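The values are calculated or read from the model by the stated rules, or taken from the named source; none is laboratory data. Quick caveat: nothing in here was measured; it's all calculated off a predicted structure. All Cβ positions, even for glycine, are placed from backbone atoms using ideal geometry, and neighbour counts span all protein chains on display.
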Amino acid sequence: MLDHPLIPSYARLLIKAVNPSPGRKLLISCEPEPYPFARILAEEAYKSGFLWVSIRLVDYALSRFRALHSPQESWDYFPLGLARDLEHMGDEGWSRISIIEHETPGYLEGVGPQALGRFQKAASAANTRYRADMLADKFPWLVVDFPGPRWAQDLGLQSELELWERLIPILRLDQSDPFAFWKSHMARLEKRSEELTKRGYAALRLQAPGTDLVIGLFRQGIWSGGGSLCPDGLSFFANIPTEEVYTSPHSRKADGRIAVTKPVEVLGVLVKNAWFRFKEGEVVECGADVGLESLQSFIGIDKGASRL
């Protein structure tokens, strides 16, 4: 729905979130459906001063074709050239915006989780440096949603327009200056994080229907939230919208059960009514009404996948 009058405002907000500066480059990644919006972002990026803008298309249909038609002995391959393209984003002044959408029409349904798990494991191993640099905020990055008709349908809404109208206040596009709002809101989240750090909680206990989980924390742990900062001092927002403050759990101190009340996509499969039981920080049992095989495959991708 690219004719909505607030689309340009949304694009400007997202570009400002990754702090355009003279000489910087921008990589936009997206699936086929939001590609037209990626073009709008690209134009806004050039208007804002980016030196170079590239769009990388992520098409899950290709993963389906590979799983169905390529020999299993090839499933652990990942081209190192693609990984090298991402390795120097922090060194070469890049930023990245990833557009997540909900419109992929079941390309991965019916594909065995074994294939998708091996694809994911190979990609993860090849992109170790990129992932570490991103988590260390070596470059500005941002993950955003783009509304579409399937998302509206999944929420039981009558139209894509109705979805947009619900998202406008959440994204603060109804503000006279949305970016100014988010800048002040990020500052509030940072203050909240500082207060949580001062309190030095030893553990968090989560209780809800189907959930009673105690997560141990580090006494000297730091809470974070709000804006992020690159080593060179460049600030950016990694998520919009967000109310998130977070810290690192102790890898060996999670005990109890947690239920996942909303469907989640795992290795291309929609998993419903998942639950996990933790003991000493590790998943020792899990279940799901739908998609259990994919869930189990994901937990087995590597040694750390079964821990928080």
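Odds and ends about this structure:
- Just one of the listed residues (GLY221, GLY216) is part of a loop (DSSP other than H, G, I, E, B), under 26 Å from GLU280 (Cα atoms) and either in contact with an Asp or Glu (Cβ under 8 Å, 6 or more places away or on another chain) or not acidic (Asp, Glu) (or both), namely GLY221.
- Counting only strands (runs of 3 or more DSSP E) wholly contained in segment 234-290, the ones carrying 3 or more residues that are at pLDDT 95 or above occupy 249-259, 275-279, 282-287.
- Tallying residues that are assigned to a helix (DSSP H, G or I) and either under 17 Å from ARG39 (Cβ atoms) or not charged (D, E, K, R) (or both) within segment 7-27 yields 10.
- In this structure, LEU57 does not satisfy being within 23 Å of the chain's Cα centre (by Cα), exposed (fewer than 15 other Cβ atoms within 10 Å of the Cβ) and without any contact (Cβ under 8 Å) to a residue 12 or more places away in the chain.
- Odd one out for ALA83, checked against (1) closer than 20 Å to ASP137 by Cα; (2) surrounded by 18 or more Cβ atoms within 10 Å (Cβ to Cβ); (3) under 22 Å from the mean Cα position of the chain (by Cα): (2)
- Unmet requirement for GLN207, which otherwise passes all of (1) exposed (fewer than 13 other Cβ atoms within 10 Å of the Cβ); (2) at pLDDT below 95: (2)
- Every condition in (1) within 20 Å of ARG172 (Cα to Cα); (2) touching a residue at least 40 places away in the same chain (Cβ under 8 Å) holds for ILE7 except the one numbered (2).
- Only one of the listed residues (SER184, SER159, SER124, SER98) is under 30 Å from HIS69 (Cβ atoms) and either in contact with a Cys (Cβ under 8 Å, 6 or more places away or on another chain) or without any contact (Cβ under 8 Å) to a residue 40 or more places away in the chain (or both). That residue is SER98.
- Failed item, numbered, when GLY117 is tested on (1) in contact with a Ser or Thr (Cβ under 9 Å, 6 or more places away or on another chain); (2) closer than 24 Å to PRO241 by Cβ; (3) in contact (Cβ under 8 Å) with a residue 40 or more places away in the chain: (2)
- Number of the exception - GLY226 against (1) exposed (fewer than 15 other Cβ atoms within 10 Å of the Cβ); (2) at positive phi: (1)
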